[in-house]
1. Quick check, is Ser263 closer than 27 Å to Glu196 by Cα, without any contact (Cβ under 8 Å) to a residue 24 or more places away in the chain and hydroxyl-bearing (Ser, Thr, Tyr)?
2. Looking at Lys131, is it touching a residue at least 12 places away in the same chain (Cβ under 8 Å), open to solvent by 60 Å² or more (accessible area, probe 1.4 Å), in contact with an Asp or Glu (Cβ under 6 Å, 6 or more places away or on another chain) and basic (Lys, Arg)?
3. Among the residues that make up region 274-282, is at least one of them free of Cβ contacts under 8 Å to residues at least 24 places away in the same chain and of a type in the set (Gly, Ala, Ser)?
4. List pairs: first in region 239-253 and closer than 18 Å to Gln205 by Cβ, second charged (D, E, K, R) and in a loop (DSSP other than H, G, I, E, B), Cβ under 7 Å, 6+ apart or cross-chain?
5. Looking at Ser175, is it out of contact with any strand residue (DSSP E or B) (no Cβ under 8 Å at 6 or more places or on another chain), open to solvent by 10 Å² or more (accessible area, probe 1.4 Å) and among the hydroxyl-bearing types (Ser, Thr, Tyr)?
6. Taking the condition over 25 Å from Ile350 (Cα atoms) and either aliphatic (A, V, I, L, M) or assigned to a loop (DSSP other than H, G, I, E, B) (or both), does Gly140 pass?
7. Suppose we filter region 351-373 for residues that are within 15 Å of Ile246 (Cβ to Cβ), open to solvent by 40 Å² or more (accessible area, probe 1.4 Å) and out of contact with any helix residue (DSSP H, G or I) (no Cβ under 8 Å at 6 or more places or on another chain); how many remain?
8. Go through (1) open to solvent by less than 20 Å² (accessible area, probe 1.4 Å); (2) within 19 Å of Glu338 (Cα to Cα) and name the single condition Val230 misses.
Amino acid sequence: MVKRSNPILLFVLLLFTVSCDKEEIVCCLPPDEVKANFYSNLEKFNLSESVKEKIKNHLSENHPGIPISTVELDSRGIEIELDNEVALSFSLRGEPLDSDGSENQTNIEFAHTTIPSDINDLFEFRGDATKDTVWVFLQGGATTERDYNLNEISSSGADRFPYFTDDFIVYPFQSQQLNPSLHDHFDLTFEQAKVEASLSVEIAQQVIKHHVDRDKTVYVIGHSYGAFMVQELLAEYGSNSARKYISLNGRLDMNEKVWKGFSMGEFYYFDEDGKTLVKSPEIPADELRFEHNMGRLNAGLGFNRYTEKLAQIDLSNALFLTAEKDQAVGVYTPETIEFLTEKNPAEKLIMIPGGHGQIFEEAPRMEKLHNFIVMDN
């Protein structure tokens, strides 16, 4: 049994472990106080009000007076360990899971990602925060894994890109990295994915503004999915926040069949020429929901026509880099090239030899890119 403890000293211990996307509350109070304090601290979890109410009702009706010792929340749902060693598992819709962890996926209540109010919870960083130059790197994906491309170490243990790491590098989180339920619990709709993608862009803008307000020189680099985020940042917030914006391996107007396919759970890539569409192989069943949700997040930005959205935006401090044989997003169309060079000229349109992301494998080319970005500052 849980022994009576000083409620002031042992009110609630809240632990948050980023590496496993899990929150844990440990309660060390008498039964009545445990229930009251658990219900109060349930607010800390990103659950809808109706889900919280279902959990409260289930505990009150089926386990009255039993103290709660541990509560854990992960991407599957919430697990409650009672004092008599009974563990209860609930889905994120507030209903008990079967003993094998299965659940009925119909009518699951969806809650959009809540952006943390503390700016320090919106990004990770590498390097010296006192540096005057800040590189904001928006990673590719969409995926739940973190990507630190500008901070890579070679097989010899040496820093591959010291010209970036000599400064301060910031890696904003994306919505699916803050809200693990987005990737393997819910079947996202396309409309929900649009909102989640816009929340990722909003997070990036808050991070950019935070460092600009601290009188830092800020450069924003977005690769692949991050390139679409750069374009959305320009479209929604203009080009005056950061010193420069770099769209790397993206595309202004994604092929319609590609983004519509992603929005419906079908996937395409481009052949070696970067122009011919190829349908991807079927996805294994155990990966289906994750891949569908990530695909819909991609479509949540890819559906935009940026030659239209950027038509009235000053692109004179924006660089657009596209691979000559990009199999992920395809090569720039003649219409896009005309737009960036004549209709609304960007600072530079650069054709990169090779394929999607290959530039990160070539340190000398990355150094040239770095020098070009900063040379007139």
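The values are calculated or read from the model by the stated rules, or taken from the named source; none is laboratory data. The shown structure was predicted, so the numbers you read here are calculated from the model rather than taken from an experiment. Using ideal geometry, Cβ is built from the backbone for each residue, glycine included, and neighbour counts are taken over all protein chains shown. Remember, those area values only see protein heavy atoms, side chains included, never the ligands or the DNA or RNA. Shrake-Rupley method; radii C 1.70, N 1.55, O 1.52, S 1.80 Å.
1. The answer is no for Ser263.
2. Criteria met by Lys131.
3. Checked region 274-282: at least one residue is free of Cβ contacts under 8 Å to residues at least 24 places away in the same chain and of a type in the set (Gly, Ala, Ser).
4. Sorted first by the residue in region 239-253, then by its partner, the pairs are Ser239/Asp314.
5. no
6. Judged against the criteria, Gly140 is not a match.
7. 3
8. Here Val230 clears every test but (2).
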